[in-house]
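The structure under discussion is supplied below as structure tokens; questions concerning it will follow.
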Amino acid sequence: MIGTFELTVALRYLKSRRQEGFISVTAGFSLVGICLGVGALIIVMSVMNGFRHELISQILGFKGHITIAAPAGGLAGYGELARDVAAHPDVILAAPVIEGQVLASSRRAHAGVIVRGLTADDLAAKPLIADNMVAGSVDFTGDRPGIIAGSRLMRRLGLGLGDSMTLLSPRGLPTALGTMPRSVSWPVVGVFEVGMYEFDSGVVFVPFRMAQTYFRLDDRVTEIEVMVTRPEEPAVTAADIRRIVTDAALPGVVVVDWQQSNRHLYGALQVERDVMFLILTLIILVAAFNIISSLILLVKDKNGDIAIMRTMGATRGSVMRIFLLTGSAIGIAGTLAGALVGVLFCLHIEEIRQLIQTLIGLELFPAEVYFLSRLPARLDWPEVVTISLMALGLAFLASLYPAWRAARVEPADALRYE
């Protein structure tokens with residue numbers, strides 16, 4: 001048990017005296033090192049969690065959790081297959097989709113985009129689009145059917161709501177002079193902004209029937225998007241859907257879940273997260289070694305005090321607890337300060353980014369490189385607690401050896417050399 005005596009002496013040793021200046025400076029560096037290590041680890045892990053969450057949620061918001069990809073030329077009889085898949089108890093939605101690459105152009109510029117043809121109901125069932133409309137309506141099949149485009153694409157082409165966007169498809173009409181690109185102009189009836197550069201600048205939504213006509217698919221589709229109740233575990237449902245496709249005898253149809261189609265990205269994010277955790281933990285480990293060095297110096301400096309305490313009746317355990325408290329206090333103070341700095345930084349990370357950008361006049365984390373238009377940070381409180389407990393544990397372990405050395409000091413030997 002820790003008594004008042006051990007606590008009083010430990011707190012006294014934490015206060016700096018002139019002759020102990022170097023020791024107190026070393027202890028201060030240890031505290032700052034733990035603070036920086038804990039704060040940096042919380043910030044980096046939160047940003048990595050944010051990137052992972054934003055990328056996965058936005059990828060899933062645009063594409064289905066499971067994709068039934070049609071062979072070249074499209075999939076006929078998709079309606080019956082979609083109904084059979086939708087009857088699965090784990091399936092929320094099975095939406096026929098037409099997808100193709102085209103060139104979007106205006107009088108000002110042009111850009112390669114992906115056209116996705118869906119029904120108005122299926123598009124409205126995508127919260128990522130329906131909840132992030134910045135202009136117009138998600139209903140693009142009203143009195144004046146048109147297309148819905150991303151905000152960055154609209155700015156690049158210099159278009160506004162109601163303007164016409166020209167789409168040129170390589171799947172053109174054969175003529176005596178060769179295949180002529182198919183060109184169609186449609187009005188823009190809606191603009192979305194989801195915050196992911198790749199989607200805001202490169203995706204256009206078109207009414208389902210208009211897309212079928214434009215890509216000359218007649219009554220066929222290029223894929224069926226499937227939304228499931230457990231998107232984090234799509235493999236089991238995907239296996240059931242493969243059996244449905246096999247029973248329907250549809251050659252060339254491939255069923256792929258989102259983890260398979262994005263496995264390289266998903267795996268890279270996980271590896272990067274683990275490596276960053278390991279690297280930043282070394283900062284805390286270095287600070288823990290600083291605790292060892294500062295406490296060893298403190299023990300050497302306090303040999304006389306230890307001998308006097310022992311002769312006055314202090315036990316070895318009491319002396320050991322004094323120096324354990326001294327080292328643990330440095331770890332506790334550094335950990336609490338680092339956790340507070342890390343959490344506050346994460347809660348205001350976007351405002352801090354904007355402030356730094358304003359001060360230095362440069363764009364940090366450009367959307368063209370990092371895909372996201374803002375810097376995400378997702379605090380995982382169990383992870384914050386784990387990091388804090390790890391730092392406290394390292395600080396306690398670092399205090400064990402110096403405390404053991406202090407407890408081994410023999411009063412007679414210490415007083416002899418004083």
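The values are calculated or read from the model by the stated rules, or taken from the named source; none is laboratory data. Model, not experiment: these values are computed from the prediction. Virtual Cβ from ideal backbone geometry, glycine too; neighbours counted across all protein chains shown.
In segment 291-349, what residues are surrounded by fewer than 18 Cβ atoms within 10 Å (Cβ to Cβ) and basic (Lys, Arg)?
Selection gives Lys300, Arg316.
Now a separate question. Given the criteria among the β-branched types (Val, Ile, Thr) and surrounded by fewer than 21 Cβ atoms within 10 Å (Cβ to Cβ), does Ile98 qualify?
Against the criterion (among the β-branched types (Val, Ile, Thr) and surrounded by fewer than 21 Cβ atoms within 10 Å (Cβ to Cβ)), Ile98 does not qualify.
Each row is one residue, and each column tells you yes or no for (1) in contact with a Gly (Cβ under 9 Å, 6 or more places away or on another chain); (2) of a type in the set (A, V, I, L, M); (3) farther than 15 Å from Phe396 by Cβ.
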| site | (1), (2), (3) |
| --- | --- |
| Lys302 | no, no, yes |
| Ile308 | no, yes, yes |
| Thr311 | no, no, yes |
| Arg316 | no, no, yes |
| Met320 | no, yes, no |
| Gly338 | yes, no, yes |
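If you don't mind, there's one more thing I want to ask. Filter segment 386-418 for residues that are of a type in the set (Val, Ile, Thr) and at pLDDT below 85 and give the result.
Val409
Here's another thing I want to ask about it. Which residue, of Val115, Val138, Val97, is out of contact with any Lys or Arg (no Cβ under 9 Å at 6 or more places or on another chain), within 24 Å of Glu193 (Cα to Cα) and β-branched (Val, Ile, Thr)?
Being out of contact with any Lys or Arg (no Cβ under 9 Å at 6 or more places or on another chain), within 24 Å of Glu193 (Cα to Cα) and β-branched (Val, Ile, Thr) holds for just one of Val115, Val138, Val97, which is Val115.
Mind checking which residues of segment 330-385 are modelled with pLDDT of 85 or more, of a type in the set (A, V, I, L, M) and touching a helix residue (DSSP H, G or I) at 6+ places or on another chain (Cβ under 6 Å)?
Residues satisfying the conditions are Ile330, Ala333, Ala337, Ala339, Val341, Leu379, Val384.
Could we say that Val184 is surrounded by fewer than 21 Cβ atoms within 10 Å (Cβ to Cβ), in contact (Cβ under 8 Å) with a residue 12 or more places away in the chain, of a type in the set (A, V, I, L, M) and assigned by TED's automatic domain parsing to the domain that holds Arg83 here?
On the way: surrounded by fewer than 21 Cβ atoms within 10 Å (Cβ to Cβ): yes; in contact (Cβ under 8 Å) with a residue 12 or more places away in the chain: yes; of a type in the set (A, V, I, L, M): yes; assigned by TED's automatic domain parsing to the domain that holds Arg83: yes.
Yes: the conditions hold for Val184.
Moving on to the next point. Say whether the condition of being under 25 Å from Ile43 (Cα atoms) and either in contact with a His (Cβ under 7 Å, 6 or more places away or on another chain) or hydroxyl-bearing (Ser, Thr, Tyr) (or both) is met by at least one residue in segment 253-260. Don't jump to the end; show me each part of the working.
Going through segment 253-260, the residues under 25 Å from Ile43 (Cα atoms) turn out to be none.
No, segment 253-260 has no match at all.
Mind listing just one residue for me: the one in segment 37-59 that is surrounded by fewer than 23 Cβ atoms within 10 Å (Cβ to Cβ) and in contact with a helix residue (DSSP H, G or I) (Cβ under 6 Å, 6 or more places away or on another chain) and, of those, modelled with the lowest pLDDT?
Filtering first and then ranking leaves Arg52.
Considering each of Arg220, Arg216 in turn, give the residue that is in the same structural domain as Pro96 (by TED's automatic domain parsing) and either of a type in the set (Ser, Thr, Tyr) or under 21 Å from Leu81 (Cβ atoms) (or both).
Exactly one of Arg220, Arg216 is in the same structural domain as Pro96 (by TED's automatic domain parsing) and either of a type in the set (Ser, Thr, Tyr) or under 21 Å from Leu81 (Cβ atoms) (or both), namely Arg220.
Here is a yes/no grid of residues against (1) over 21 Å from Val255 (Cα atoms); (2) touching a Pro at 6+ places or on another chain (Cβ under 9 Å); (3) assigned by TED's automatic domain parsing to the domain that holds Thr213; (4) not in a strand (DSSP E or B):
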residue	(1), (2), (3), (4)
Glu80	no, no, yes, yes
Pro96	no, no, yes, no
Arg108	yes, no, yes, yes
Gly112	yes, no, yes, no
Thr141	yes, yes, yes, yes
